[in-house]
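Participant: Here it is: the structure, laid out below.
The values are calculated or read from the model by the stated rules, or taken from the named source; none is laboratory data. Predicted model only: the values in this text are computed from it and were never measured. Positions of Cβ are backbone-derived with ideal geometry, glycine not excepted, and every protein chain shown enters the neighbour counts.
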Amino acid sequence: MRLLIMGPQGVGKGTQAKLLSEHYNIPTISTGDIFRANIKNQTELGKKVLEYTSKGFLVPDELTNEIVKDRLAQDDVKNGWILDGYPRNAAQVTALDEICAEMNTPLDAVVALTAPTNVLLERMAKRAKEEGRADDTPEAIKNRLNTYEKETAPVLDIYGERGKLVSVDGVGDIDEISKQIISSLDAKLA
């Protein structure tokens, strides 16, 4: 199974991706985790990424597309994957379409998690405090939420038109949300 998990910052994509990964026994590929690991290890990529993320800007498409393509070519994703944080705009949808076509691995479904903005802001403020993430400043958070609404939310329309979209409310008990996602996916892909 090849899935995308999408939604605004703080909606619980990472948490739900981990649970789906365990349920379907496929790896989660988080562009954010890849970026943060490179920043932590002070790699050249990490330095480039930090120039953008520290200001609340997104990493350029070319760099992100290259990282995703490389990751989807690795052995552990032969039986499927969950992409978290990608694609985030229409150009990246096109790039992912090309990657999937080239690898003969079509996308099965897109999970869209939703939540009100006040819940998202509260969750990210808590996460910033608990995890000490430098990219979760109030200014950066607001910038990313605005960018999501402008650039990424329209991607959901593309996948909706293709019949790939499963929308689930991201507010509530984590396990209940996970059960809702799994039952929706199983029904869609049956």
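Participant: Could you run through the stretch 48-62 and say how many residues are in contact with a helix residue (DSSP H, G or I) (Cβ under 8 Å, 6 or more places away or on another chain) and in a helix (DSSP H, G or I)?
Facilitator: Looking only at that region, the number is 5.
Participant: In the stretch 143-185, which residues are under 18 Å from P106 (Cβ atoms) and not hydrophobic (A, V, I, L, M, F, W, C)?
Facilitator: Residues satisfying the conditions are Y159, G160, E161, R162, G163, K164.
Participant: Given T15, T28, which one is surrounded by fewer than 17 Cβ atoms within 10 Å (Cβ to Cβ) and either among the polar types (S, T, N, Q) or more than 27 Å from N143 (Cα to Cα) (or both)?
Facilitator: T15
Participant: Considering the stretch 47-74 alone, what residues qualify as being out of contact with any Ser or Thr (no Cβ under 7 Å at 6 or more places or on another chain), over 18 Å from A140 (Cα atoms) and of a type outside the set (D, E)?
Facilitator: L63, N65, K69, R71, L72, A73, Q74
Participant: Continuing with the same structure: From the set of residues in the stretch 137-174 that are at pLDDT below 95 and of a type in the set (S, T, N, Q), which is surrounded by the most Cβ atoms within 10 Å (Cβ to Cβ)?
Facilitator: Only one residue fits best here, namely T152.
Participant: Any chance you could count how many residues in the stretch 89-132 are polar (S, T, N, Q), out of contact with any strand residue (DSSP E or B) (no Cβ under 8 Å at 6 or more places or on another chain) and surrounded by 12 or more Cβ atoms within 10 Å (Cβ to Cβ)?
Facilitator: Number of matching residues: 4.
Participant: Do you know which of the residues in the stretch 3-37 that are among the hydrophobic types (A, V, I, L, M, F, W, C) and part of a loop (DSSP other than H, G, I, E, B) is farthest from V119 (Cα to Cα)?
Facilitator: Only one residue tops the list, namely I26.
Participant: I've got another one for you. I need the full set of residues from the stretch 64-88 which are surrounded by 14 or more Cβ atoms within 10 Å (Cβ to Cβ) and assigned to a helix (DSSP H, G or I), in order please.
Facilitator: Across the stretch 64-88, the qualifying residues are T64, N65, I67, V68, K69, R71, L72, V77.
Participant: Let me ask you something else. In the stretch 91-106, which residues are closer than 20 Å to G32 by Cβ and either touching a residue at least 40 places away in the same chain (Cβ under 8 Å) or not β-branched (V, I, T) (or both)?
Facilitator: Across the stretch 91-106, the qualifying residues are A91, Q92, V93, A95, L96.
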